[in-house]
Structure formats: C-alpha cells, structure tokens
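Right, one structure below, let's go through it.
The values are calculated or read from the model by the stated rules, or taken from the named source; none is laboratory data. Bear in mind that the values here come from a model prediction, so they are computed numbers and not experimental data. Cβ sites come from the backbone with ideal geometry, for glycine too, and all protein chains shown count toward neighbours. Accessible surface is based on the protein model in full, side chains and every heavy atom, while ligands, DNA and RNA are left aside. Shrake-Rupley method; radii C 1.70, N 1.55, O 1.52, S 1.80 Å.
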Amino acid sequence: MNRNDQQYLVEKIRTQYVEKEHSALDELKELDNKVKRPAKVFGYIFGSIAAIIMGAGMSLVMTDIGATVGIGAPMVPGIVIGVVGMLMAIVNYPVYKGILSSRRKKYADKIIALSDKIMSK
C-alpha cells in the first residue's frame, strides 16, 4: 500500500470520529427532508396497502382461494375488491403530490431564506 492510499484510509477513518460542524447546508438538507418525508411515507404505505388489496381481489378471481375461504361465487367479490385496490393505487400519486405541495408551501419561506443565505456567501 503506497503513501497516498494510507493517507486516504487514515482520513476516512478519522472523519468517523471527528465531531462534525453543523452547517447551513446541513440545515437546508434537513428542511428538505422534513418537507418530503411525510409524503413519501404516505405514498409507500398507501401504495403497498392498495397493491395488497388489488392482489387479494385478483387471487379471489384467478384461484380457488374463494372456495377454500367459503365464498360460493368469488368472481364478483374478487372483481370488486380488485377494482377498489386499483382505484386506491390510481389515487395514490395525486394524493402524494397534494401532500408534497402543501408541505412545500408551508416551508417555502424558510427554505428560500436559507438557500439565499448560503448562496450569498
């Protein structure tokens, strides 16, 4: 291992133990995450639930699970459940965008002021 590689490794390890200063850029990143996180969490959870519901409807229609569960004619309930899940999946993105835009409006002044402060340095 040559001298440059050793220095790089030493610096890499050292940065893990040195107290990091909190800068305005770090604060801007935290604010940006604060804006986006609730919308992302909603989108992932609601979308997953929608996919599970849609899959349950598809399973009722395409397999014999309905007979196992005790549903005599699983076609109609399976289609209804699948369509409900599909509608939930379709609505997921507009709701996500709505949450994101309302959060952006709420934090826009803080983010603009902080980004102007950083860019003016």
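Projecting each Cα onto the charge dipole of segment 1-46 (Lys/Arg +1, Asp/Glu -1 at the beta carbon, about the Cα centre), which of 1, 46, 25 comes out farthest on the positive side?
Positive-end residue among those listed: 46.
Compute the Rg to Rh ratio over the chain from the alpha carbon atoms, using the Kirkwood formula for Rh, and round to two decimal places. List each step's numbers first, then the result.
Details: Rg = 25.1 Å, Rh = 19.0 Å.
The Rg/Rh ratio comes out at 1.32.
For the chain, modelled as a GNM with alpha-carbon contacts under 10 angstrom, which of 55, 85, 72 fluctuates the most?
Of the options given, 72 has the highest mean-square fluctuation.
With +1 assigned to the C-beta of every Lys and Arg and -1 to the C-beta of every Asp and Glu, and no other charges, what is the dipole magnitude of the chain about the Cα centre in debye, to the nearest 20?
460
Which GluC sites (Glu not before Pro) in segment 13-47 sit in a loop by DSSP (not H, G, I, E or B) and have at most 14 other Cβ atoms within 10 Å of their own Cβ?
Hits after loop and neighbour filter: 19, 21.
If I take R0 = 22 Å and measure r between the Cβ atoms of residue 106 and residue 41 in this structure, what FRET efficiency does the formula 1/(1 + (r/R0)^6) give, to the nearest 0.05?
Using R0 = 22 Å, I get an efficiency of 0.85.
For the chain, which whole percent of the accessible surface, found with a 1.4 angstrom probe, sits on carbon and sulfur atoms? It would help to have the intermediate numbers written out before the result.
Numbers: 5970 of 9340 Å².
Using a 1.4 Å probe with all protein chains present, the chain comes out at 64 percent carbon and sulfur.
Between 40, 20, 110, where does the largest GNM mean-square fluctuation fall for the chain, given springs only between Cα atoms within less than 10 Å?
Of 40, 20, 110, the Gaussian network model singles out 20 as fluctuating most.
For the chain, what relative contact order do you get, as a whole percent, if you take Cα pairs closer than 8 Å and at least 6 residues apart?
32
With a 1.4 Å probe and every protein chain left in place, work out the accessible area per residue of the chain in Å², rounded to a whole number.
77
Rounded to the nearest 500, what is the 222 nm mean residue ellipticity of the chain from helices alone, with -39500 (n - 2.57) per DSSP H run of 4+ residues and division by all residues?
-30000 deg cm²/dmol
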